[in-house]
């Protein structure tokens, strides 16, 4: 399968711990997006990469959130000092430049902070 | 503020009847407009988008959407609903190419 993959699919952590999620986009896609989705809401845009450049990060929820895409392929989203309010589904999507922002979403990583 | 509204949390239709899922937006400029669908335990799937041109856009699974600039709406439609269309539908707007705003979603239930 050559779709967007995310790991892990589920993560349970204790408050105050750091967590890191990985996203592997569709191989020919140069754009990668991170979203957060809470129950009963639509996805909330967090950040966006074009190749290895992070072109938009003002929507990251706080300075505890950071993302990287060091070689322009996979990306990681890190949350430091997790809080219970961080419990949500974290979604990754990718698109090609020619796709005019038609995004292909991964299955998500569900984070539970206890 | 830039926003997307899906005024109905839930839409119920009978199989074979036409369906409409509503979306209105409040953004400046000429945004890209999208519809995505989310089935249980599956990721979001792209249905269709409006960039420019013909106001009626055709997409996957027989869905279409009509862009109305004066009403700032982008309603999703299908002439004949199937039970398998039952899912959560999201409207999204990209006001700037580095941003995307999703509505809260509308749950569509098609009854046999």
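The values are calculated or read from the model by the stated rules, or taken from the named source; none is laboratory data. Keep in mind that what you see is a predicted model, and the values were worked out from it rather than measured. A quick note on method: Cβ atoms are made from the backbone with ideal geometry, for glycine too, and the neighbour counts reach across all protein chains shown.
Taken across the stretch A:77-92, residues that are free of Cβ contacts under 8 Å to residues at least 40 places away in the same chain and within 14 Å of chain B (Cβ to nearest Cβ) do not occur at all.
Applying the criterion of at least 3 residues that are touching a helix residue (DSSP H, G or I) at 6+ places or on another chain (Cβ under 9 Å) and surrounded by fewer than 17 Cβ atoms within 10 Å (Cβ to Cβ) to the strands (runs of 3 or more DSSP E) found wholly in the stretch B:2-112 leaves an empty list. For residue B:73, the stated conditions hold: it is in contact with a strand residue (DSSP E or B) (Cβ under 9 Å, 6 or more places away or on another chain) and away from chain A (no Cβ under 14 Å). Here the stretch A:37-57 is the region considered, the condition is being assigned to a strand (DSSP E or B) and exposed (fewer than 14 other Cβ atoms within 10 Å of the Cβ), and the residue that is nearest to the other protein chains (Cβ to nearest Cβ) is A:55. Using the structure shown, decide if residue A:96 is within 14 Å of chain B (Cβ to nearest Cβ), in contact (Cβ under 8 Å) with a residue 40 or more places away in the chain and more than 10 Å from the chain's Cα centre (by Cα). So residue A:96 passes the test. Is it the case that residue A:12 is surrounded by 14 or more Cβ atoms within 10 Å (Cβ to Cβ) and either more than 12 Å from the chain's Cα centre (by Cα) or touching a residue at least 40 places away in the same chain (Cβ under 8 Å) (or both)? Here the answer is no, as residue A:12 does not meet what is asked. Just one of the listed residues (A:32, A:60) is surrounded by 14 or more Cβ atoms within 10 Å (Cβ to Cβ), under 11 Å from the mean Cα position of the chain (by Cα) and free of Cβ contacts under 8 Å to residues at least 60 places away in the same chain, and it is A:60.
Within the set A:62, A:66, A:27, the sole residue that is in a strand (DSSP E or B) and closer than 25 Å to residue B:94 by Cα turns out to be A:66. Considering only residues that are farther than 15 Å from residue A:65 by Cβ and out of contact with any strand residue (DSSP E or B) (no Cβ under 6 Å at 6 or more places or on another chain), look in the stretch A:82-103 and name the one that is modelled with the highest pLDDT. By that ranking, first place goes to A:96.
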